[in-house]
Structure formats: C-alpha cells, structure tokens
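Report on one structure; see the data block that follows.
We did not get these values from a lab; they are worked out from the coordinates using the rules stated. Since the model is a prediction, treat every value here as computed from it, not as a measurement. Positions of Cβ are backbone-derived with ideal geometry, glycine not excepted, and every protein chain shown enters the neighbour counts.
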Amino acid sequence: MTPTVHRRDVLTALGAGITSLAGCTSRTSPASGDDVDKTVYVGAYHWGYLIVDENGEEQEQVVLQRGAVLRLISFNTLSGQAVQALPSSIREAIPDHEALEERNKERIPPPSDGDFHELLEEANERFPDHSLAIMPSGQMQMGGGMMLHPVVLSHTATAPVVRQVGARQRDDYTLSCLTECGYGHPYMQLDGAIIII
Ligand SMILES: [Cu+2]
C-alpha cells in the first residue's frame, strides 16, 4: 500500500465520520425542526406525567406513523427555571399542584398507613427528581425496543430536556419514571401514552 492510498483511506473514513456526526447533531439540536414530525411537551410531577401539544392542549395519547420523528421537550414541574423557559401557552396548560394531586387520588390506591397528602408533601421534599423513559407497554425493565432511554428530570434543571426520537416499531408505549420518588413511584407510569401505527 502506498502512503497516498493510505492517506486517502483515512480521509474517507474521516469524512464518513463527520457526515454521521453532522446527522446526529441535527437530530438532537432543539433549534432544528426540519426533521421533526411532531413536538410534544411532557411534564413530570409526583406521581404522573402530563402531555401537552404545541397548541397548549393537553393530550392523553400521541399517535405517530411509523418512521416519524418525535421531539420531546420534558421537564419537572417543580423546576421553576425549566417551566419558565417553556412557551407561555405550554406553561398555562400545566394544572396547579392541587389539580395534579386530585389526579393522583383518582389513580393511585390510598396508603394502608399514613396520609396521602402527607406522603406527597414528603416526596416533594425528599425525592424531588424524576426521570422519563419510554418503553413498550408491559415491559417493566429496560430492554429492547426502548423508544427513549431514561433522561433525568431534575427539580433544579435550568431548562427543559429536549430529545428527538424515531418511531421505529409499531407498538404501544409507556412513559415511566425510573427515579425513586416516594410512595407513588410505582404508579408513575402513563400506559399507552404513545402509539406507533
Ligand atoms: Cu418519579
């Protein structure tokens, strides 16, 4: 092999590397909306998630065509700075603390000992952080087919977490918190929140 050929090989490999990196960057940059088919905002609270579309309408379910690219803008509702960074229409769609607590009471069995409200207050203090993972419904452990590997939604975050994910496999997906967050943690799941058709 001559040094010239060798050098060209290296440059080709380098070029390929740069191309794939560039592709990667455009997929994760919050500023680039070119490849995005849908944007949704996901708020994590004790002990659930709320989904708001770009028009500030709360959604129970996001339906995607296979192959679509979804941009997820996620935040912890306790993070004042991340919430402030949202468009006002999204901010206004977030129910207040009391309304979210009411939702919990409808979904989560009451504790056998202790008071629901006190447990919630305690969780706010002791376990203020959550995370968001998106996996096929019925799958409790991280495994194949994950749509979003867990991202931490800290109460001290200064901005929402932005991720773009591809709708690769037809299935129904659950939003799930993998960060211990107190009494209701096992119920911090939104089953069937995303459907890929
Ligand atoms: Cu949680």
Quiz prompt | Fewest-first sequence of Ser112, Ser89, Ser131 by Cβ atoms within 10 Å of each Cβ | solution = Ser112, Ser89, Ser131
Practice problem: Starting from the Cα of Gln169, step 7 Å along the direction of its Cβ; do the same at Gln61; then give the gap between the two resulting points in nm. | Solution: 2.0 nm
Quiz item: What are the ³J(HN,Hα) values, in whole Hz, obtained from phi via the Karplus relation 6.51 cos²θ - 1.76 cosθ + 1.60 with θ = phi - 60°, for each residue of region 150-159 in sequence order, with x given for Gly and Pro?
Solution: x, 10, 7, 10, 7, 6, 9, 4, 9, 8
Quiz item: Highest mean first, what order results for 164-171, 175-182 on Cβ atoms within 10 Å?
Solution: 175-182, 164-171
Quiz item: Each residue of region 37-50 in turn: what ³J(HN,Hα) in whole Hz from Karplus with 6.51, -1.76, 1.60 and θ = phi - 60°, glycine and Pro shown as x?
Solution: 8, 8, 10, 10, 9, 10, x, 9, 9, 6, 10, x, 10, 10
